[in-house]
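For reference, the structure is listed below as structure tokens.
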Amino acid sequence: MSSLLSHKKDQPRSVRSLSDSSPASSTATTKSLRHERLSRLNSSGTSEVSHDAPTNHAESYFSRRENRLSARKKAEEENTNNDYKKMYEKALATNQRLKSRLETSKQELAMIQDQLHRAQNGRQGGCGSNMLETEKKESWSLKKKITDMEEQLKVKAELKTENQKLKDENGALIRVITKLSK
């Protein structure tokens, strides 16, 4: 409302009482104020001119406000779009970096697993050769024991046959002695 009552700086401000002013002069003052407001509105960029000054002023105020808000929204949208783009690019770079690290980790894991398998196979081969040697020694000693036992069995069999012969001869001699003694 203060803008409705504002005067130009170069015009002197006069205070009049209601009794001092005539109805014709108040109408002239109102018309000059209206003309002044219209000229200010026209200079601010609005081309619509209406005879209803308060309505025109409110419309121009709201249209300017809408223009400012829409410009602000556009700027914010551009900033958020740029922010999203920056965030996307940053996330993409991070993903690429992580993918490369994952790939190198996979390669290292494969190499380590290969080394582990080689080491396990080498130990088994080394242990296997040691086990083969011990098994060979055991089998050789077992074969030796078997041959020794076979020889002992042969000797036992020979001794049994010889013992049987001696028993038979002893029995024959006992019979001969008993016949002679009779």
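We did not get these values from a lab; they are worked out from the coordinates using the rules stated. Small disclaimer: the values here were computed from a predicted structure and weren't measured. Every residue, glycine as well, gets a Cβ built from its backbone with ideal geometry; the counts of neighbours run over all protein chains shown.
You can think of it this way: the chain between residue 58 and residue 134 has 16.5 nm of extra reach, that is 0.36 nm per residue less the Cα-Cα gap.
In this label model, residue 162 and residue 68 are separated by 13.6 nm, measuring between points 7 Å along each Cα→Cβ vector.
Summarising the label geometry, the points placed 7 Å from Cα in the beta-carbon direction at residue 145 and residue 83 lie 8.7 nm from one another. By the equivalent-ellipsoid construction on the alpha carbon gyration tensor, segment 77-174 comes out with semi-axes of 90, 12, 4 Å, ordered largest to smallest.
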